[in-house]
Amino acid sequence: MSQSQRPAAMQAGNSDRFEPDNDSATIKSAKRVLQILELLKEVRRPLSTTDIAIQLNYPISSTAALLKSLARLGYLHFDKTARTYQASLRVGLLGGWTYSGGFAPDVLNDVTEHLAAETGQTVVLGFRNENHIQYVRVVAPETRVRYYLPIGSRQRLVDTSMGRALLSLDEDGAIDRLVRRANADRTEGQARIEPAEVKAEIHDIRREGYAYSSDGFFKGAGIIAVPLPEPLKEPPLVLGLGGPAEEIRRDLPRLLELTLAAAAEMSAKGECATRGTVIAEPLFA
């Protein structure tokens, strides 16, 4: 893959608001295995070692070693002619357990794919993981340059519109404590977060039912974010629609209407799922 073919996020470099890939609380190799499988699920086509390394910003040498190990164990299939990898039947069979949570995976998949196709923009799903937002699904039309977010990547809730949309579901006291902690833990060169600014934005999100920013995940990217209150005791989800800031701004009324309708559909069908429907779906289709 040439430099010009790389996704926008990789050309520009990952935003410094993203959590670095050196979390001491995780085993790096385990994290990379799952990110590789999730990437293969999202692109739905075989990828070369170089493709995977570039998409996930991994060293090529360690990526090659990991892919060979997964192929040897039977979790990946290696095409010797095309020099590409894809998930094997063993991976597909791993996902046969029963999922009984509030949001039905098939509903989330169908709604996000439909929204991306209808708008021509990138659709992102994230959920709250303690004081972070973690991205679990990214859908973008194949014909567009992609603002690529590695599945599983995290950002602090206070740093993004999608994160602040999730914070709108919290009480003000909890938000105050989170902002104080974020300021206390900020790294060198990281700007201080103004509590009054955050609370004002969150009050607007509560009133309007959505967040909007013209500087989303990456410079020049606009984002619409709609929070979905959690069914049962699951973490809440947030639905995001993003793309070039000028395109989002120019078509904001239509894109907002479609995003709000998609979020309402997810919530309505999620509520139905909590009333006894058991959902079973492979994790890696």
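The values are calculated or read from the model by the stated rules, or taken from the named source; none is laboratory data. Since the structure is predicted, the reported quantities are computational estimates derived from the model, not experimental observations. A quick note on method: Cβ atoms are made from the backbone with ideal geometry, for glycine too, and the neighbour counts reach across all protein chains shown. These area figures cover heavy atoms from the full protein model, side chains too; ligands, DNA and RNA do not enter into them. Shrake-Rupley method; radii C 1.70, N 1.55, O 1.52, S 1.80 Å.
Below are the figures for this structure:
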{"item": "Residue match in the stretch 260-277 (condition: at pLDDT 95 or above, of a type in the set (A, V, I, L, M) and open to solvent by 30 Å² or more (accessible area, probe 1.4 Å))", "result": "yes"}
{"item": "Residue in the stretch 129-138 that is within 12 Å of the chain's Cα centre (by Cα), open to solvent by 50 Å² or more (accessible area, probe 1.4 Å) and at pLDDT below 85 present", "result": "yes"}
{"item": "Residue selected from the stretch 46-60 under the condition of a type in the set (A, V, I, L, M, F, W, C) and part of a helix (DSSP H, G or I), by the criterion nearest to the chain's Cα centre (by Cα)", "result": "L56"}
{"item": "Residues satisfying the stated conditions in the stretch 61-80, i.e. outside any helix (DSSP H, G or I) and surrounded by fewer than 16 Cβ atoms within 10 Å (Cβ to Cβ)", "result": "L73, G74, D79, K80"}
{"item": "Pair list, Cβ under 9 Å, 6 or more apart: the stretch 62-82 residue under 16 Å from L40 (Cα atoms), other residue open to solvent by less than 50 Å² (accessible area, probe 1.4 Å) and part of a loop (DSSP other than H, G, I, E, B)", "result": "L66/Y58; L70/S88; A71/S88; G74/S88; Y75/S88; L76/S88; H77/S88"}
